[in-house]
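A short write-up of the structure that comes next.
Read the figures in this text as sums done on the coordinates, not as results from a lab. From a predicted model like this one, the values you see are computed outputs, not experimental measurements. Heads up, the Cβs are rebuilt from the backbone with ideal geometry, glycines too, and the neighbour counts pull from every protein chain shown.
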Amino acid sequence: MQQDLSDPTGSGELDAVPADTYIEHGERAAASLARPAVTRLLLSDFRGYAALRIEVDDRPVVLTGPNGAGKTNLLEAISFLAPGRGLRRARLKEIDRRLSPAGEIAGAWALSARLETAKGAVQIGTGRDAASDSGERRLLLIDGSKPKSQGVLAEYAHFVWLTPQMDRLFLESGSGRRRFLDRLVLGFDPSHAQRLGAYERSLAERAKLLRDGPADPVWLAALEERLAADGIAIAAARRDMVARLDEACATSAGPFPQARLALAGEVEDWLRAMPALAAEEELRRRLTDGRRGDAESGSTGIGPHRSDLVVHHVGNGMPAALCSTGEQKALLIAILLAHARLRAAASGAAPLLLLDEVAAHLDAGRRAALFAELTGMGAQAWLTGTEPALFAGLSRHAQFFSIADAAVRPLS
């Protein structure tokens, strides 16, 4: 979808346009799109929730309540319908409900959800395996059957989230930016999750062999061959995603700032200069040559795990890290919306968006534009905030719930 939903009247006066005008314009644009949605969620011993059942339709869901009421916990639960460790990246044991401040747990957490997809409804169940030796193994069932890996979840729906902790995404280490980018890649390439998992396991195994030494050179060579193949595939998928996002952001208009995106890294430089097979051979050779240095440092010095996402604010030409906190948040939202538009155009279905406290620091114009984008893409977004008034522009187009003391009630 390339049409500009930010100012449907053409007036340029964002604050003067009623939010419903934006949203009705967006709803007409979304009529032909599929609407993936979580329509039922059941929790057991998840964070502060002893038990919870919530049923909704495919419209946006607004959750309001005081800080500490359990809003983010509910979004975290939904994020486990995607591959990975959820939006907090917590250890699985940390999620178990505590019976006392001393830390006594009620039991291993579990959740079940009905997920509507373009191919029909699917039932997903997941939770912590209390019987595993480490207590950190995650169980997963899809329509009652055990899949080969968590990565299969990416084939049913795509989830993207934005949390207050991500406000520092441009200021902290590159690992967070890589995870953010990899989440976006999954919306177009579900197999990216399996490649990432395989690459990380190979990295860890090679590091252990080098540390324990002397390592079997044949086994090391096999690991490095695998690392090279997966590593170049990962870098190529990221490069493609960044190029598409950069173009989408450059052509967007409205109250959110335009972002300029690039991927920085030695492996990416190779892919710009040579065919993928030649880059794969170069990475394999560099891994082999770097064994001694990697053994001494305890880390692998070359590969896509060293790459970084670089973002600039087009309007002022500044790196995102030097922009104000508010502009950094607006840049993040602009990138997420560009990604959602791309996915809606490519697949006919927008991602499911988990937006924690997203409206609190947006002015009225940006809130109206955000709500219009969500409805215009047919996205089921789960939004949280302390006050329902922040979401008044969605009042006729969303379903509202209040949360207090881990209890969820619909608002009339």
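Descriptive notes on the structure:
- Along the axis of the charge dipole computed for the chain (Cβ charges of +1 for Lys and Arg, -1 for Asp and Glu, origin at the Cα centre), the listed residues Gln258, Ile234, Leu203 are led at the positive end by Leu203.
- For segment 226-372, size of Cβ-based charge dipole, Lys and Arg +1, Asp and Glu -1, in debye: 220 debye
- Prolate/oblate/rounded label for the chain (Cα gyration tensor, a/c 1.5): oblate
- Placing pseudo-labels 7 Å out from each Cα toward the beta carbon at Glu281 and Val218 gives an inter-label distance of 2.5 nm.
- Positive-end ranking of Leu141, Thr117, Ala215 along the dipole of segment 100-243, with charges on Cβ about the Cα centre, is headed by Thr117.
- Inter-label distance, Thr251 to Asp363: 2.8 nm, where each label sits 7 Å from its Cα along the C-beta direction.
- Extension gain, Ala273-Glu225: 0.36 nm per intervening residue step, less the Cα-Cα distance, totals 15.2 nm.
- Estimated vicinal HN-Hα couplings, Hz - segment 302-316 in sequence order (Karplus 6.51, -1.76, 1.60; Gly, Pro = x): 9, x, x, 6, 9, 7, 8, 8, 10, 10, 10, 7, 5, x, 10
- Antiparallel %, DSSP beta bridges [both residues in the chain], to 5: 70 percent
- Centre-to-centre, using Cα atoms only, segment 347-372 and segment 38-65 are separated by 19 Å.
- Cα gyration tensor shape of segment 27-137, rounded if a/c is under 1.5, else prolate or oblate by comparing a/b with b/c: prolate
- Prolate/oblate/rounded call for segment 128-212, Cα gyration tensor, a/c under 1.5 rounded: oblate
- Theoretical gain in end-to-end length, Ala121 to Leu139 [0.36 nm per residue, Cα-Cα removed]: 4.4 nm
- Cα-centre dipole for segment 85-178 with unit charges at Cβ (Lys and Arg positive, Asp and Glu negative), debye to 20: 180 debye
- Here the spin labels are modelled as points 7 Å beyond Cα on the Cα-Cβ line, and at Ser347 and Ser412 they lie 3.9 nm apart.
- Pairwise FRET efficiency - Thr386 versus Glu104, Cβ, R0 = 25 Å, nearest 0.05: 0.25
- Between 0 and 90°, nearest 10: helix 19-29 axis offset from the chain longest Cα axis: 60 degrees
- Were the residues from Ser191 through Arg89 laid out at 0.36 nm apart, the gain over their Cα-Cα distance would be 34.7 nm.
- Of all the options Pro36, Pro214, Pro275, the one that moves most in a Gaussian network model of the chain with Cα springs shorter than 10 angstrom is Pro214.
- Over 17 Å [Cα-Cα, segment 313-412], rounded percent: 57 percent
- Between segment 95-154 and segment 303-321, the Cα center-to-center distance that results, in Å: 35 Å
- Dipole moment magnitude, nearest 20 debye, the chain about Cα centre, only Lys, Arg, Asp, Glu C-beta charged: 820 debye
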